[in-house]
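Okay, so here's the structure we're looking at.
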There are 2 protein chains.
Amino acid sequence: MDWEKVFASRAMRMKASEIRELLKLLEQPDIISFAGGIPDVALFPKEAVSKAYGEVLAGDQGDAALQYSVSEGYKPLRDWIVKEMAKIGIPCNATNVFITSGSQQVLDYLGKLFLSPNDTALVTWPTYMGALGAFNAYEPTYDKLLPMSNRPASSYVDAAEKAGGRVKFAYAVAEFHNPTGETMTKGEREWLLDLAETLDIPVVEDAAYQALRYDGETVPPILALDIARHGGDINKTRTFYCGSFSKTLAPGLRVGWVVANEEVVRKLVLIKQAADLHSSTINQMVIGKVADGVFAEQVEKIKRVYSHRRNQMLAALQKSMPAGVEWTKPEGGMFVWVTLPKGMDGAALLAKAIAEAKVAFVPGRAFHADGSGQNTLRLSFSCASDEMIETGISRLGSLIRSELAAA
Amino acid sequence: MDWEKVFASRAMRMKASEIRELLKLLEQPDIISFAGGIPDVALFPKEAVSKAYGEVLAGDQGDAALQYSVSEGYKPLRDWIVKEMAKIGIPCNATNVFITSGSQQVLDYLGKLFLSPNDTALVTWPTYMGALGAFNAYEPTYDKLLPMSNRPASSYVDAAEKAGGRVKFAYAVAEFHNPTGETMTKGEREWLLDLAETLDIPVVEDAAYQALRYDGETVPPILALDIARHGGDINKTRTFYCGSFSKTLAPGLRVGWVVANEEVVRKLVLIKQAADLHSSTINQMVIGKVADGVFAEQVEKIKRVYSHRRNQMLAALQKSMPAGVEWTKPEGGMFVWVTLPKGMDGAALLAKAIAEAKVAFVPGRAFHADGSGQNTLRLSFSCASDEMIETGISRLGSLIRSELAAA
């Protein structure tokens, strides 16, 4: 049949990313990959998870673990999150917490809640490509959020109207940004809240990497600053704090959460009820049990390993990259962002890097809503051994050097 | 802040169902409930599930079980589904199978794939209220699908154009319909395919209850008939077969699937990648293992118990209901659909039933896209003991009798 005739207009836009096709080559075992933004399986708390599944199923909640459950999420897990949020300056109640199947799902639901076709989302250039993917299903346009500037708020409104809609929210990865590894300063967070207040729009704070700080000074979450602006009352705030257990415990259980004012949490619960009823009951119980038992020690373990890898990668870049190549110095997370000399193309470099140097990364253009960023690339160090880093970055440096020489 | 200003138009429509509010009263322990359309926890294969979690985590796939995985779903589970589909007349390959977080999620994704605002979905009056909930997020209108009629296909097109869009798909619960318990005849299925071919639209076949047939003759799935029309080639069909493990194994793991032509499966994979990356890796592995081990015996066990309860409920209705009350005689599933004498109102009856008779059910209007069906209600027998059925239906019969006498 003629599928194009029955697809919604949003479906016409969907196509597999060329980069993902290219990265499929990574299945070759001799490629050194800095591409995947994924945690190291060797660090998963596998024993604690296995024990928790056994205990949940053998315990009082064993039947309930296999049954349908409420769309807002398992109450004891929400209570655990309330306690954890209090530690980072976010006083809230269980009614402010909503459990989702990973924090990716929150981004989809926020798109569903806010975006009509041609509405505008404010995002950074570059930004998390999965956020662009989630929002794209609702056919928005994008406007550029940072760096801070004196650009008048009215110019965002004007641009949105010109695009045929309204400014609906600002999205930012506040800590150890995917892809850049950078962290928003307190000043940038306050500036963002000022802008959001002027525009009267919500702020989506993607905190997927929040727990993974290796050094530098802790900055209050945007939601914490927003709560402080409203006399400690989260129910007067405009910020959605999106958290994830995927980087701290394990992504395979698909458990994330959002913390926000309870009025909008109730709307998100309705969205979830219609979209997939609820996240896996048993997985929520298991994550609750594992978090209760080993969260703090697990985070310490991960930070030890990843901070070492971050150090190794920064040292290797320093040693191997030719002049004219720049990179970020992340205080946490999983990523270093590399800017190549102008005129170089990250995607073309990837093709050569895989074929000739047996090294992979993600070209930066995929993270840019406007298709810019040709001369950038993302390196992930979370799964890289010392040897992989030493060898891989050295080969990449040589390739870039010879490309520059040939140009 | 002024949330209404930033909500998408679809979000304005979302509100908590009044019925759900009413059914919260069910938490009172002395209420006999025929309301929930959920499986009996006592029948879950809890030991097999517990053993499978332990084995998966201890085995070769233990690390992978906790890691991110592909959006299309775990290959061995898709292979198991391929074999199971072959048994019911649906020859397919793993490329035709897509794993989702319950079959509810398929409905959401099909809405996302096909429906632009004001497009028309053809549904039965009544139909599964969760399907209406999923589709409503994409702002469609509805037109009435069955009973079979000589209504010309062009009249569907005209009505859809008048509503401001196009006819995008037909949705049907082919077996043991939720809420009516009824099964579409082979003639109705062929009629539906004829109509879909004339309109050149896809057919969504909700097969959540397909395995739960207690008696009567098996009818080929709509997808099987569609494949037969195309020389055995599923990739030429227009039907989406939506399956679920929630009624056979356990809903708490949130694993369902869709079988369809691979061109559109690829689109669904892109939707999932943007919406929640993938369903829980470990739960897919566990479901695969449990299905491989105990699926057939588990289905036999459930059928024995539920068919007995169906018999008890039909006998109790026969014994207790006054003249003028009618009900369906389902050959499987979980539901009996009751039609009250004209003028009676199911929602008003529920309020009285909870307060006076301590009995609960779901009023039928929630299942009607046009808000009709006032004089109908759904009874679920899946979780009801003999005593609950005997006492509850007797009390409900007396209440209806006295309501009729008072009218």
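The values are calculated or read from the model by the stated rules, or taken from the named source; none is laboratory data. Bear in mind that the values here come from a model prediction, so they are computed numbers and not experimental data. Counting neighbours? That spans all protein chains shown, and the Cβs are built from the backbone with ideal geometry, glycine included. In case anyone asks, the SASA skips ligands and DNA or RNA and just uses the protein heavy atoms, side chains included. Shrake-Rupley method; radii C 1.70, N 1.55, O 1.52, S 1.80 Å.
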Filtered residue count, the range B:148-182, keeping only those that are touching a Gly at 6+ places or on another chain (Cβ under 8 Å), within 14 Å of another protein chain (Cβ to nearest Cβ) and over 12 Å from residue B:127 (Cα atoms): 0
Condition broken by residue B:324, with the remaining ones in (1) part of a loop (DSSP other than H, G, I, E, B); (2) crowded, with 21+ Cβ neighbours inside 10 Å satisfied: (2)
Meets criteria (polar (S, T, N, Q) and farther than 30 Å from residue A:47 by Cα) for residue A:261: yes
Residue within the range A:257-267 that is open to solvent by 10 Å² or more (accessible area, probe 1.4 Å) and closer than 30 Å to residue A:58 by Cα present: yes
Residues that are more than 7 Å from chain A (Cβ to nearest Cβ) and either surrounded by 22 or more Cβ atoms within 10 Å (Cβ to Cβ) or among the hydroxyl-bearing types (Ser, Thr, Tyr) (or both), drawn from the range B:38-68: B:39, B:45, B:52, B:56
Search result, residues across the range B:328-352 that are over 29 Å from residue B:212 (Cα atoms) and either crowded, with 24+ Cβ neighbours inside 10 Å or acidic (Asp, Glu) (or both): B:345
Residues located in the range A:89-132, provided they are assigned to a loop (DSSP other than H, G, I, E, B), within 26 Å of residue A:282 (Cβ to Cβ) and among the small types (Gly, Ala, Ser): A:101, A:102
Pairs, first facing chain A (nearest Cβ under 9 Å) in the range B:248-276, second of a type in the set (Asp, Glu) and surrounded by fewer than 24 Cβ atoms within 10 Å (Cβ to Cβ), C-beta under 7 Å, six or more apart: B:269/B:72
Residues within the range B:218-232 that are out of contact with any strand residue (DSSP E or B) (no Cβ under 6 Å at 6 or more places or on another chain) and within 13 Å of chain A (Cβ to nearest Cβ), tallied: 2
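Give the number of residues within the range B:122-132 that are away from every other protein chain (no Cβ under 11 Å) and buried (at least 22 other Cβ atoms within 10 Å of the Cβ).
6
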Test: residue in the range B:303-310 that is without any contact (Cβ under 8 Å) to a residue 40 or more places away in the chain and within 10 Å of another protein chain (Cβ to nearest Cβ): no
Output for the range A:163-175, where each listed residue is assigned to a loop (DSSP other than H, G, I, E, B), hydrophobic (A, V, I, L, M, F, W, C) and under 13 Å from residue A:205 (Cβ atoms): A:174
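Matching residues to (1) small (Gly, Ala, Ser); (2) modelled with pLDDT under 95; (3) open to solvent by less than 10 Å² (accessible area, probe 1.4 Å):
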position	(1), (2), (3)
A:169	no, no, yes
A:172	yes, no, yes
A:181	yes, no, yes
A:195	no, no, no
A:198	no, no, no
A:215	no, no, no
A:225	no, no, no
A:240	no, no, yes
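For the condition open to solvent by 30 Å² or more (accessible area, probe 1.4 Å), in the same structural domain as residue A:30 (by TED's automatic domain parsing), touching a strand residue (DSSP E or B) at 6+ places or on another chain (Cβ under 7 Å) and among the small types (Gly, Ala, Ser), what is the one hit in A:369, A:315? Reasoning before the result, please.
On the way: A:315 fails: touching a strand residue (DSSP E or B) at 6+ places or on another chain (Cβ under 7 Å).
That would be A:369, the only listed residue that is open to solvent by 30 Å² or more (accessible area, probe 1.4 Å), in the same structural domain as residue A:30 (by TED's automatic domain parsing), touching a strand residue (DSSP E or B) at 6+ places or on another chain (Cβ under 7 Å) and among the small types (Gly, Ala, Ser).
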Filtered residues of the range A:61-80 (kept if touching a residue at least 60 places away in the same chain (Cβ under 8 Å) and either part of a loop (DSSP other than H, G, I, E, B) or more than 22 Å from residue A:276 (Cα to Cα) (or both)): A:61, A:67, A:68, A:69, A:70, A:71, A:72, A:73, A:74, A:80
Selected residue (criterion: surrounded by the most Cβ atoms within 10 Å (Cβ to Cβ)) from residues of the range A:69-84 that are within 12 Å of chain B (Cβ to nearest Cβ) and either out of contact with any strand residue (DSSP E or B) (no Cβ under 7 Å at 6 or more places or on another chain) or not acidic (Asp, Glu) (or both): A:74
Some residue of the range B:275-292 being in a helix (DSSP H, G or I), assigned by TED's automatic domain parsing to the domain that holds residue B:216, crowded, with 20+ Cβ neighbours inside 10 Å and within 20 Å of the chain's Cα centre (by Cα): yes
Matching residues in the range A:85-121 - criterion: being basic (Lys, Arg) and open to solvent by 10 Å² or more (accessible area, probe 1.4 Å): A:87
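Which members of the range B:133-162 meet the condition of being assigned to a helix (DSSP H, G or I) and open to solvent by 10 Å² or more (accessible area, probe 1.4 Å)? Lay out the reasoning, then the answer.
Step one: of the range B:133-162, the residues assigned to a helix (DSSP H, G or I) are B:133-136, B:153-162.
B:133, B:136, B:153, B:154, B:155, B:157, B:158, B:159, B:161, B:162 - these are the residues of the range B:133-162 that are assigned to a helix (DSSP H, G or I) and open to solvent by 10 Å² or more (accessible area, probe 1.4 Å).
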Cβ pairs under 6 Å, 6+ apart, first in the range A:311-335 and closer than 15 Å to residue A:216 by Cβ, second aromatic (Phe, Trp, Tyr) and part of a loop (DSSP other than H, G, I, E, B): A:330/A:176; A:332/A:176; A:332/A:214; A:333/A:176; A:333/A:209
Odd one out for residue B:297, checked against (1) more than 27 Å from residue B:397 (Cα to Cα); (2) touching a Pro at 6+ places or on another chain (Cβ under 7 Å): (2)
